[in-house]
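A.B. asks: Okay, handing you the structure first.
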Amino acid sequence: MAKKAFDQYRAHVDVVVALLGLSPAEAKVFTEPNRVIEKILKVTIGGEERELSAYRVQFNNARGPYKGGIRFHPGADLDEVKSLAAMMAIKCAVVDIPMGGGKGGVTFDPKGLSKPDIETVSRAFARAFATDLGPLKDVPAPDVYTNGEIMAIMLDEYEKVTGTKAPATFTGKPIELGGIPGRDTATALGGVFVLEAYVSEHGLDSKNLRVAIHGFGNAGATAATLLYERGYKIVGLSDSKGAVMSARGLDPMKFQEVKNQNKSLRDMYCQGSVCDEGLLERESVVVGDPNAVLAMDADIIIPAALDGVITNEVAEEMHAKIILELANGPVTAEADTILEKRGIDIIPDVLANAGGVTVSYFEWEQNIKGTTMTREEVNERLKQVMAKAWQSVSKFAKEHHITYRTAAFALAAKRILAASLTKK
Ligand code: NAD
C-alpha cells in the first residue's frame, strides 16, 4: 500500500534527523504540529443542511506567523493537511522568509456547487477559525479549488467578526484588496529561476535542453511558456486527459489557446478517441496517456500536477537527468531512493515551487507596511530570493555529499531549530 502523505514527509525528516544528529526533542519540532484545530461547519448548501469537517494545522511558527493555503476538496483529510503544513514550514525556511508553516482544508466537493454555496462555506470557515487567524498569527492563502475571490470573501468575514481592517490576514487576494502583481506566475517563475541557476552551475546550455511537463495548469502552463521563451525545447505536455509529445518541439502558447477554450491538450488533434493522423504526422506529434510524459526521452521532467505520480516503476523507466518538482510531493519516498541511485538530480518541491509562498510573503509584507510593489519589482526580488536559496542548498549538498532534497530539508531544519527554543 502506498505510504500516506505524512509518512512520505516523515521519511525525508528521518534522513535529516540522522544526518544532523538531532535529539528526540529537536526531532519533535518536525514531526509534531504545534496545534491541530478541527471544526465542524454547519452549512446549507445545494439545498441541504450539511456538516463539513474543517481543519487548520499550525505546524511551526518559530520563524514567523503560520503560512499556508486552504483547500476545498473531498479528499482533504487531516493526514494530508498535516503533511502539507509541515512542508510549508520547511519551504519558508529553505527560501529564508520569516514565515512558519500551516495548512487548512474543508472536506467537501465544491465542483458543481453554485457561487453562493461556495461563499457560504468560505464565510463559515472564516467565522469558525477567526480567533486562530491573523496577520501576526496565521496567514492563509488559496490552494486546491480555492482562489483569490474566496480569499476576498474570507477576509471580509474575518474583518466583520474581528472588527478590524487586516488585509495581511490572507494572501493571494485580488489586487484591489491589497493583492500583489506577479503572484499568478510566481510559482513557475521561481522554479525557472532555480532551474536556470542549476543549468548555469552545471555549464549546460538551455538551447540543448529538452523539457517535458506533467500538468498544464497554473504552474505547468506558465513554466512551459517561460521556458519556451528562454529557448528550452518543450517536447512533451500533458493534462488530466492526455499527453502531446514531439521530438521536434511544441509551442505552449498554441496549447494555452486550446485550454482557454476549456478543451484538453489532445483536442488539438483528436475528437474523442478519433485522432487526425494527417495533422499528427505533419506536426510530428504523438498523443498518449497523461503519464507518458514522465518517461519521455527528455533532459528535464517537470511534474506540475499531482503528488505521488513518480512511483518506483516510473522512476525505473525515466530517461531524464533532472526533475524539477513544481508539484508538491510528486516523487514517492521509495522512488526518491531509486532516482538517487540512478544519478537523476531532483530539484525538490520545497525549493522548486517556493516562489509562490515567497511572493505571498511580499504581499503580506506590503499589507503590513501599507506599501505596494510593481510586477517588475516583485519578479526581480523573487529572482534574488530563489538564486540565494539555490546557492545555499547546492553548497550544502556538495559539502555533505547528499541530494538536493536532503540538503534543503537539513538547511531548513537548522534554521527552524535556530529560531526555536529547543536546544540540544
Ligand atoms: P492547477 O489546478 O492549475 O493545474 C493542475 C493541472 O494538472 C491541470 O492542467 C490538470 O489537467 C492537470 N492534471 C490533473 N490530473 C492529471 C494527471 N493525472 N496527469 C496529468 N495532468 C493532470 O494546479 P496548479 O496550481 O498548477 O498546481 C499544480 C501543482 O503545483 C500542485 O501539486 C500544487 O500543490 C503545486 N503548487 C502550486 C502552487 C501555485 O502557486 N499554483 C504553489 C506551490 C505548489
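A.B. asks: Could you check how many residues of region 9-38 are in contact with a Phe, Trp or Tyr (Cβ under 6 Å, 6 or more places away or on another chain) and among the aliphatic types (A, V, I, L, M)?
C.D. replies: Residues that pass the stated criteria total 2.
A.B. asks: Yes or no: region 228-249 includes at least one residue that is in contact (Cβ under 8 Å) with a residue 60 or more places away in the chain and closer than 30 Å to Lys369 by Cα.
C.D. replies: Checking region 228-249: not a single residue is in contact (Cβ under 8 Å) with a residue 60 or more places away in the chain and closer than 30 Å to Lys369 by Cα.
A.B. asks: Does Asn328 satisfy being in contact (Cβ under 8 Å) with a residue 40 or more places away in the chain, within 16 Å of the ligand (Cβ to nearest atom) and open to solvent by 30 Å² or more (accessible area, probe 1.4 Å)? Let's see the steps before the verdict.
C.D. replies: On the way: in contact (Cβ under 8 Å) with a residue 40 or more places away in the chain: yes; within 16 Å of the ligand (Cβ to nearest atom): yes; open to solvent by 30 Å² or more (accessible area, probe 1.4 Å): yes.
Yes; evaluated as a whole, the condition is true for this residue.
A.B. asks: Okay, moving on. Does Thr185 satisfy being within 16 Å of the ligand (Cβ to nearest atom) and either surrounded by fewer than 18 Cβ atoms within 10 Å (Cβ to Cβ) or part of a loop (DSSP other than H, G, I, E, B) (or both)?
C.D. replies: no
A.B. asks: Can you name the number of the only condition in (1) out of contact with any Lys or Arg (no Cβ under 9 Å at 6 or more places or on another chain); (2) within 16 Å of the ligand (Cβ to nearest atom); (3) closer than 23 Å to Thr311 by Cβ that Thr406 fails?
C.D. replies: Of (1) out of contact with any Lys or Arg (no Cβ under 9 Å at 6 or more places or on another chain); (2) within 16 Å of the ligand (Cβ to nearest atom); (3) closer than 23 Å to Thr311 by Cβ, only one is false for Thr406: (2).
A.B. asks: Oh, and also: I'd like to verify a number: residues in region 357-397 that are within 19 Å of the chain's Cα centre (by Cα) and within 19 Å of Met87 (Cα to Cα), how many?
C.D. replies: So the count comes out to 10.
A.B. asks: Can you give me the ranges of the helices (runs of 4 or more DSSP H) entirely in region 335-424 with at least 2 residues that are surrounded by fewer than 22 Cβ atoms within 10 Å (Cβ to Cβ)?
C.D. replies: Numbers: elements: 349-352, 355-369, 375-400, 404-419.
It comes to 355-369, 375-400, 404-419.
A.B. asks: Oh, and also: Pull up region 134-167, narrow it to residues that are of a type in the set (Ser, Thr, Tyr) and away from the ligand (no atom under 16 Å from the Cβ), then point me to the one that is least open to solvent (accessible area, probe 1.4 Å). Reasoning before the result, please.
C.D. replies: Within region 134-167, the first condition is being of a type in the set (Ser, Thr, Tyr), and the residues that meet it are 145-146, 158, 162, 164.
Within this subset, residues satisfying the condition of being away from the ligand (no atom under 16 Å from the Cβ) are 158, 162, 164.
Numbers: Tyr158: 17, Thr162: 53, Thr164: 64 Å².
Out of the qualifying residues, it is Tyr158.
The values are calculated or read from the model by the stated rules, or taken from the named source; none is laboratory data. This is a predicted model, so every value here is computed, not measured. Virtual Cβ from ideal backbone geometry, glycine too; neighbours counted across all protein chains shown. The protein model used for the area step is the full one, side chains on, heavy atoms only, and it has no ligands, DNA or RNA in it. Shrake-Rupley method; radii C 1.70, N 1.55, O 1.52, S 1.80 Å.
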